[in-house]
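The values are calculated or read from the model by the stated rules, or taken from the named source; none is laboratory data. Bear in mind the structure is a predicted one, so any value in this text is a computation, not a measurement. When we count neighbours, we look across all protein chains shown, and the Cβ atoms used for this are built from the backbone with ideal geometry, even at glycine. With ligands, DNA and RNA removed, areas are computed over all heavy atoms of the protein, side chains included. Shrake-Rupley method; radii C 1.70, N 1.55, O 1.52, S 1.80 Å.
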Amino acid sequence: KYNGVIYGGDCYLFGLLAMGLVDIVIEYGLSNYDYMALIPIVKSAGGVITDWTGKELPMEATNGAVLACGDPVLHKKVVELIMILIVPPFNLPPIKRNKAEAKEIKKGLIRLLENYKIADNLTVLASL
């Protein structure tokens, strides 16, 4: 198992999460059709998939902020970190952002996760 951050992979990342090969998948800017089919896959593997605030992903269009973790305890820690560091200062609006903005938001979150050690030997994935 690789310990670090891997970029790229789109829906393949969620398959790796469901197989237990990675710990966290972070996405931003997804459409609802990008994540709806992934929800039962992640959940049936014992994982958790929500928006960045820990709320269930809706059927309607959102800002596409998706967080998936293979471990519910780890998911809770990541959501708490996001709520402290990301959501209040930036107050991510429920609108679609362009690809460049979404890429910068995901990069920033990943840097934060790297700096705030929430667990040892994590593999974090984000398609940028």
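Over the range 41-82, with the other protein chains present, what is the accessible area per residue in square angstrom, probe 1.4 angstrom?
I get 46 Å² per residue for this part.
In loop segments of the range 26-87 as defined by DSSP, the GluC sites (Glu not before Pro) with at most 15 further C-beta atoms inside 10 Å of their C-beta are E56, E60.
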